[in-house]
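Below is one structure; the comments refer to it alone.
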Amino acid sequence: MQLAAGLSLAVTLSALLLYVGHFFKPDFGSDDAVLNLLAEAMHAQGRLLPRGWVTNNGDLMVPSGALLIAPLLTGWPNGFGVHAFASIVLSLALLAAAGWLLRLARLSWTAVAVALTVLASGFAYQFTIMVFGQTTYMWWPAGFLAGAALLVAHDRSVRCPSQERRRRIWPLVGVAALVGGIAFANPGRVAVMMVLPLYAFERTLAAARTVRPADASWLRRLSPASAASLTLIGAWCAALLGYRTVFALGIASTHHAVSDLRLTDWPGVLEHVRIFANGWFDYLGGSSRGFEQRPWEPLMRTLRTLLAVALTSVAVLELRDWKRHADPLRRALLVAFFAALLPVLALFVLFDPLAQPSSVSLRYFSVAFFILAMLGAWRIDDALGSVTRCGAGALIVACVLIAAGTVYRMIPFGQTFWTTRASPTMNLAQTLQREGLSWGYATWWNAGATTVLSDGAVRVHPIALTPQLLHAYPAMVDRAWYRPDAHVGPTFLALADEQAQPEQLAFLEARLGPAVRTIDEAGYRIQVYDRNIAADLTCLDPADPLEAALDASDFSALRIVSAALAERPAGHRGPAGLRVRIRNGTARTIGSAGAHPVTIGVHLSDADGRPAAYDWLHAPLDCPLAPGEERVVGFMLPDAPAGPHRITIDLVQEGVAWFADKGADTITLPLETP
């Protein structure tokens with residue numbers, strides 16, 4: 001059995017490292033690539049928190065894999081290779097922390113090897129990508145496992161009065177550094193995901209060595225009354241103070257999306273429970289995502305689901321046998337499991353928008369999943385004490401199946417062993433390089449990944465795009481990417497085929513004008529422009545609000561230079577697009593923010609000039625106009641009845657006056673609605 005367990009671990013670990021180091025490339029996405037881009041900013045600026053970088057959901061992303069990638073950029077291109085290196089190192093560190101804790105528990109090598117095999121299998125496709133490939137979600141389980149091991153080392157030193165004082169101190173120093181470093185990234189999230197389970201773990205360990213009155217309350221038992229518990233709380237508080245300070249000083253900025261929690265209603269609670277119930281087994285291995293067409297998938301999914309059921313049953317059996325187990329470490333892990341599971345589950349069920357329709361949102365339970373595998377090692381160790389031939393055979397078969405399933409999921413076995421399948425972003429990167437295009441924009445999933453997969457030869461920056469919106473993406477970006485002077489020369493906009501619909505193309509024609517070249521290849525429509533289209537994006541940080549009425553002279557100095565209807569793309573029968581050129585001849589910045597913003601107003605009349613809708617449209621200036629600046633603003637007109645019409649374009653300062661009423665000129669255009 002020991003040999004089978006060892007070989008299974010070797011095979012599973014090899015498959016995992018081959019996957020994150022090479023075969024992960026087609027699955028590499030922009031959520032993964034953002035570590036490379038952050039590392040690039042760290043390397044270029046020589047700062048842990050680069051200026052201009054906007055994070056997401058309050059996460060500073062320090063620590064992260066970017067810290068490993070940044071030093072390598074001195075002599076290594078910022079591509080998939082450096083990300084793979086970081087993934088390999090951090091995956092090994094995570095598994096090493098798990099192995100360290102299990103060995104401190106004095107479990108048999110066979111039980112340890114089986115538990116590590118289960119962890120190295122990556123459970124499911126999504127779990128493997130997020131924890132081992134992306135590495136973003138490995139910090140909480142790694143921090144818990146390493147922190148728990150340090151707390152065990154400290155606990156044992158306290159139990160031994162003859163132990164040197166410094167041997168008691170060093171584990172606490174390690175705990176403080178670990179908790180403080182990881183919590184600095186996002187104290188609120190880390191408090192729930194990692195610190196609370198560690199605290200519950202430490203309190204349970206402490207209760208096993210402390211004689212208390214039988215009637216001691218749970219509040220007393222949970223109160224911080226040891227050096228270890230005070231260290232945990234103190235390190236977290238220090239991290240919180242540092243975190244708040246960097247935001248207060250403007251060193252860091254963030255965008256809130258999933259972290260903007262809102263209490264849901266009763267139907268939402270039921271939906272979140274359904275997502276959790278369906279996703280639990282999927283995320284522990286039951287999902288077939290990415291393998292639906294493989295011939296052996298029904299069998300492999302059944303086996304993975306059986307493993308998920310077995311892992312889940314571990315928690316039930318451990319709870320049932322709570323009073324039978326005298327091992328304080330085992331009991332502490334079970335308490336930590338519920339401390340990791342229940343608070344996150346409460347947030348998941350009661351609030352929006354944590355629970356997503358895909359089981360991918362089960363990533364927030366990563367620490368609980370890891371603890372389940374650790375507790376499973378105790379169940380295996382118990383069984384090994386009285387194992388029969390049948391039991392030994394079943395364990396060997398289980399190890400072989402886990403290893404085989406891992407190889408099945410992670411190694412593609414193409415025409416040659418090192419062959420990987422092509423991904424859309426890999427194809428896009430190759431097309432852009434071949435066409436000599438080096439700077440452009442795409443929606444999130446196609447942007448950062450394409451940049452990294454081209455080793456930085458092509459810079460593709462993320463945008464938010466809808467038929468009514470073309471916006472600089474607000475999170476995980478560098479503000480400098482969207483400065484119009486950041487690149488001089490042609491730029492491109494890459495649209496996936498499903499985005500290149502007539503309605504979307506009509507909006508882009510209105511907003512950006514005609515492309516000088518269009519490339520349809522590799523599942524994308526690439527529109528090339530003769531300028532940097534960053535000037536046409538909605539500003540990342542609009543500023544300069546107008547709080548008072550303009551001066552009388554400003555109504556003539558700020559004027560419409562020209563206006564034209566945008567060309568309708570083939571197949572588009574919806575509203576027309578309008579492009580208006582505006583010149584700011586005033587001495588102030590003019591924008592569409594504040595109590596009295598300036599907007600572009602459009603009046604609708606019939607073909608004979610009779611008014612049909614006076615306040616037909618008020619279109620904002622997507623970015624402020626600086627003094628002396630002239631810019632084209634493009635937008636879509638509202639729906640109009642079929643037939644001929646006229647539109648009159650004017651400027652309006654909201655709450656003050658139409659510019660025409662102050663003597664400014666307007667422009668009238670015919671509008672034919674099909």
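The values are calculated or read from the model by the stated rules, or taken from the named source; none is laboratory data. In this text the structure is predicted, and so the values were computed from the model without any measurement. We place every Cβ from the backbone using ideal geometry, glycine too, and count neighbours over all the protein chains shown.
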Inset, instruction - May I ask you to list the residues in the stretch 365-397 that are of a type in the set (Phe, Trp, Tyr) and within 14 Å of Leu119 (Cα to Cα)? - result: Phe369, Phe370
Legend entry - Candidate set: the stretch 318-347, residues that are aromatic (Phe, Trp, Tyr) and at pLDDT 95 or above; chosen: the one surrounded by the most Cβ atoms within 10 Å (Cβ to Cβ): Phe337
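Scan the stretch 298-316 residue by residue and report those that are in contact (Cβ under 8 Å) with a residue 60 or more places away in the chain and over 18 Å from Leu342 (Cβ atoms).
Met300, Leu303, Arg304, Leu307, Ala308, Ala310
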Inset, instruction - Go through the stretch 586-616 and count every residue that is crowded, with 18+ Cβ neighbours inside 10 Å and over 21 Å from Cys539 (Cα atoms). - result: 5
Inset, instruction - Restrict the check to the stretch 436-443 and report whether at least one residue is in contact with a strand residue (DSSP E or B) (Cβ under 7 Å, 6 or more places away or on another chain), farther than 27 Å from Pro542 by Cα, touching a residue at least 40 places away in the same chain (Cβ under 8 Å) and assigned to a helix (DSSP H, G or I). - result: no
Inset, instruction - Please specify each residue of the stretch 635-671 satisfying the condition of being assigned to a loop (DSSP other than H, G, I, E, B), surrounded by 14 or more Cβ atoms within 10 Å (Cβ to Cβ), out of contact with any Pro (no Cβ under 8 Å at 6 or more places or on another chain) and not β-branched (Val, Ile, Thr). - result: Ala664
Inset, instruction - Being touching a strand residue (DSSP E or B) at 6+ places or on another chain (Cβ under 7 Å) and closer than 16 Å to Ala39 by Cβ is the filter here, so list the residues in the stretch 444-458 that pass it. - result: Gly448, Thr451
Inset, instruction - Please tell me if Val335 is in a helix (DSSP H, G or I) and in contact (Cβ under 8 Å) with a residue 40 or more places away in the chain. - result: yes
Legend entry - Single match in Pro353, Pro295, Pro267 (criterion: closer than 24 Å to Ile129 by Cβ, without any contact (Cβ under 8 Å) to a residue 24 or more places away in the chain and not basic (Lys, Arg)): Pro295
Legend entry - Looking only at the stretch 40-96, and only at residues there that are charged (D, E, K, R) and surrounded by fewer than 20 Cβ atoms within 10 Å (Cβ to Cβ), the one that is nearest to the chain's Cα centre (by Cα): Asp59
Legend entry - Candidates Val360, Val387, Val367, Val400, filtered to the one that is part of a loop (DSSP other than H, G, I, E, B), farther than 30 Å from Asp622 by Cα and assigned by TED's automatic domain parsing to the domain that holds Leu101: Val387
Inset, instruction - Filter the stretch 278-300 down to the residues that are hydroxyl-bearing (Ser, Thr, Tyr) and in a loop (DSSP other than H, G, I, E, B), then identify the one that is farthest from Val360 (Cα to Cα). - result: Ser288
